[in-house]
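Chemist: So that we are looking at the same thing, I have put the structure below in C-alpha cells.
The values are calculated or read from the model by the stated rules, or taken from the named source; none is laboratory data. Treat the numbers as computed from the prediction; the structure is a model and nothing was measured. Positions of Cβ are backbone-derived with ideal geometry, glycine not excepted, and every protein chain shown enters the neighbour counts.
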Amino acid sequence: MNIKAENLSKNYKKKNSPDIEVLKNIDFLITSGQKVAFTGPSGAGKSTLIHILGLMDRPTSGKVYIGDIDCFAGDDEYLCNMRKKNIGFIFQFHYLMPDFTVLENILLPAWSERNIKLKQARSILKKVGLLHRQNHFPNELSGGEEQRTAFARALINNPRIIFADEPTGNLDKTTGIEIEKLLFENSSETGSTLVLVTHNEELASKADAIIKISDGQMSV
C-alpha cells in the first residue's frame, strides 16, 4: 500500500516562546511493498514522522495519503478505523498490558472479534516461536520475547503497512537479528509495506531505500 507525504510539517506550541518546528515540508512516496528505513540523529523528528504516517498524530500542515485516501481529511474515528484496517505498529517499548497474557495482548487490536481471531493469533504465535508462551504474562518474558509478542500483536489484523519505531533498540544483537528477520520475511511474504525508524546502520542497509532525517528535513 502506497504512502505519500505532501509538504508535511509539525510544530509544537510552547507558552510564551516561539513554536518548535519538528518537521519541515516533508515530501516523499513509499510504494506498496517497499521496505524503507528512516535514519538520523536523536531529536531529528523521525518518531514524530512515523507517528503521523501511522495516523496516531496529526500534522500542523500538509497531507498524508495512504493509497489514494487523504487521511487527515477525516475525523479521529475515521483515523482509528484506518489504523485498524491497514496499519500495524511496533514500538521500541513494547507497551504490553501487564495483566493480560501473551495471547490476550496479541488479540487486543481485534478484541471485539477475539473469539474469531483465536486460531489466527495462535498461528502467529507459532510463527514467532511463542506458542508455548501464550498463557504467560509479560513479566515472565525476556526482552526479546516481549518484542516478538509486540510484533505478533501488530500482525493480528493483517495490516498492509507495518511501522516499526526502533524495533531492535533495546535488544541484544542476537535477539535483534531475530526480530529483523521476522520483519523482513513478513513484508516479503505478505507484500506489506515496511517502514522502520532505526539508528542501526546494518538494519537500515537491508531496506530498499533509506530516508535520512536531520533537523526536521529529509534527504534520500
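Chemist: Here is a list of conditions, (1) out of contact with any Lys or Arg (no Cβ under 6 Å at 6 or more places or on another chain); (2) closer than 27 Å to Ser205 by Cα; (3) part of a helix (DSSP H, G or I), and His132 meets all of them except one; can you say which number that is?
Modeler: So His132 meets the others, but not (2).
Chemist: For the stretch 90-104, indicate whether the set of residues that are part of a strand (DSSP E or B) and surrounded by 14 or more Cβ atoms within 10 Å (Cβ to Cβ) is non-empty.
Modeler: So far as the stretch 90-104 goes, yes, one or more of its residues are part of a strand (DSSP E or B) and surrounded by 14 or more Cβ atoms within 10 Å (Cβ to Cβ).
Chemist: Can you tell me which residues in the stretch 168-198 are over 14 Å from the mean Cα position of the chain (by Cα), surrounded by 14 or more Cβ atoms within 10 Å (Cβ to Cβ), in a loop (DSSP other than H, G, I, E, B) and without any contact (Cβ under 8 Å) to a residue 40 or more places away in the chain?
Modeler: Scanning the stretch 168-198 gives a single hit, Leu171.
Chemist: Okay, next question. Among the residues in the stretch 53-69, are any among the polar types (S, T, N, Q), at pLDDT 90 or above and not in a strand (DSSP E or B)?
Modeler: So the first thing to find is which residues in the stretch 53-69 are among the polar types (S, T, N, Q), and the list is 60-61.
Now drop any that are not at pLDDT 90 or above, which leaves 60-61.
With not in a strand (DSSP E or B) added as a condition, the list becomes 60.
Looking for residues that are among the polar types (S, T, N, Q), at pLDDT 90 or above and not in a strand (DSSP E or B), one finds at least one in the stretch 53-69, hence yes.
Chemist: Can you list residue pairs whose Cβ atoms sit under 9 Å apart, with the first residue in the stretch 88-100 being under 14 Å from Phe151 (Cα atoms) and free of Cβ contacts under 8 Å to residues at least 60 places away in the same chain and the second being among the aromatic types (Phe, Trp, Tyr) and in a loop (DSSP other than H, G, I, E, B)? Count only pairs 6 or more apart in sequence or on different chains.
Modeler: Listed by first residue and then by second, the contacts come to Leu96/Phe137.
Chemist: Here's a check for you: in the stretch 3-48, which residue that is hydroxyl-bearing (Ser, Thr, Tyr) and part of a strand (DSSP E or B) is farthest from Ile69 (Cα to Cα)?
Modeler: Taking the stretch 3-48 and keeping what is hydroxyl-bearing (Ser, Thr, Tyr), we get 9, 12, 17, 31-32, 39, 42, 47-48.
Subset that is part of a strand (DSSP E or B): 9, 12, 17, 39.
Working: Ser9: 19, Tyr12: 26, Ser17: 36, Thr39: 26 Å.
Here the residue is Ser17.
Chemist: For Phe28, state whether it is closer than 22 Å to Glu166 by Cβ and surrounded by fewer than 21 Cβ atoms within 10 Å (Cβ to Cβ).
Modeler: Answer is yes for this residue.
Chemist: Please find, among Ala150, Ala110, Ala121, the residue that is surrounded by 14 or more Cβ atoms within 10 Å (Cβ to Cβ), in contact with a strand residue (DSSP E or B) (Cβ under 8 Å, 6 or more places away or on another chain) and not aromatic (Phe, Trp, Tyr). Give the derivation first.
Modeler: Numbers: Ala110 fails: in contact with a strand residue (DSSP E or B) (Cβ under 8 Å, 6 or more places away or on another chain); Ala121 fails: in contact with a strand residue (DSSP E or B) (Cβ under 8 Å, 6 or more places away or on another chain).
On inspection, the qualifying residue turns out to be Ala150.
Chemist: With the requirement that a residue be farther than 13 Å from Asn2 by Cβ and in contact (Cβ under 8 Å) with a residue 60 or more places away in the chain, what does the stretch 52-73 give you?
Modeler: Gly54
Chemist: Looking for something closer than 28 Å to Ala44 by Cβ and of a type in the set (Val, Ile, Thr) - is there at least one such residue anywhere in the stretch 142-153?
Modeler: Checking the stretch 142-153: not a single residue is closer than 28 Å to Ala44 by Cβ and of a type in the set (Val, Ile, Thr).
Chemist: Quick check, is Lys126 at pLDDT below 90, in a helix (DSSP H, G or I) and within 24 Å of Ser187 (Cα to Cα)?
Modeler: Judged against the criteria, Lys126 is not a match.
Chemist: Something else: Assess whether Asn86 counts as being closer than 29 Å to Ser42 by Cβ, surrounded by fewer than 17 Cβ atoms within 10 Å (Cβ to Cβ), in contact with a Pro (Cβ under 9 Å, 6 or more places away or on another chain) and not acidic (Asp, Glu). Give the steps one after another, and end with the answer.
Modeler: Values: closer than 29 Å to Ser42 by Cβ: yes; surrounded by fewer than 17 Cβ atoms within 10 Å (Cβ to Cβ): no; in contact with a Pro (Cβ under 9 Å, 6 or more places away or on another chain): yes; not acidic (Asp, Glu): yes.
It is false that Asn86 is closer than 29 Å to Ser42 by Cβ, surrounded by fewer than 17 Cβ atoms within 10 Å (Cβ to Cβ), in contact with a Pro (Cβ under 9 Å, 6 or more places away or on another chain) and not acidic (Asp, Glu).
Chemist: Among the numbered criteria (1) at pLDDT below 95; (2) β-branched (Val, Ile, Thr); (3) closer than 19 Å to Glu6 by Cα, which single criterion is violated by Ile116?
Modeler: It is condition (3) that Ile116 fails.
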